[in-house]
Amino acid sequence: MSEVGEYTITIVQGESWTMKLALTNDDGSVIDLTGYLIKMQIRKYYNSPVIQELTIANGGVIDTDLNLGIAYFEIPKTATVLYTFNSAMYDIRFTKPVTLEDSYILEGPVEINNSITIDE
């Protein structure tokens, strides 16, 4: 895990957002993510306050298939309904157990589709 990929995330205000991320080695073999610390943060811009943080501990990263190299990211609609920004940025960091080596896997812009009619 050395190259950082770039991907634009689109979140619809007032709707749950989910993303499945599957990691493999260059040869296509699965990276067992068991024991990894996984963190995703959304910020308005670099070094600004965190808007949303997703981890296994706070339920934002679902860890059921980590042994298969799959992490699921989830933001509930109770959080997205409160979003008042139009765009932001994010990155995802994986920290390897024992060595604590950090790898940034994915980064990019976050676009918000603001809703006129939302359930509050």
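Here, each number is a calculation from the coordinates, and none is a lab measurement. What you see is a predicted model, and the numbers here were worked out from it, not measured in a lab. Cβ placement follows ideal geometry from the backbone for every residue including glycine, while neighbour counts extend to all protein chains displayed.
In table form, for the structure just shown:
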| read-out | value |
| --- | --- |
| Mean-position separation - Cα centroids, segment 16-61 and segment 88-117, in angstrom | 6 |
| Order of L68, L100 - criterion: other Cβ atoms within 10 Å of each residue's Cβ, fewest first | L100, L68 |
| Label point distance in nm, T117-Y45, each placed 7 Å from Cα along Cα→Cβ | 3.6 |
| Net dipole in debye of segment 12-83 [+1 Lys, Arg Cβ; -1 Asp, Glu Cβ; about Cα centre; nearest 20] | 440 |
| Relative packing of peptides 58-65, 23-30 - highest average C-beta neighbours within 10 Å first | 58-65, 23-30 |
| 19 Å reach of a label modelled at A22, 7 Å along Cα-to-Cβ, counting backbone N of segment 75-112 | 105-106 |
| Label corresponding to semi-axes √(5λ) of the Cα gyration tensor in Å when calculated from the structure given, among (1) 24, 16, 14; (2) 36, 18, 11; (3) 27, 15, 13 | (3) |
| Where a label projected 7 Å from the Cα of A57 along Cα→Cβ would reach, residues of segment 84-106 with amide N under 14 Å | 95 |
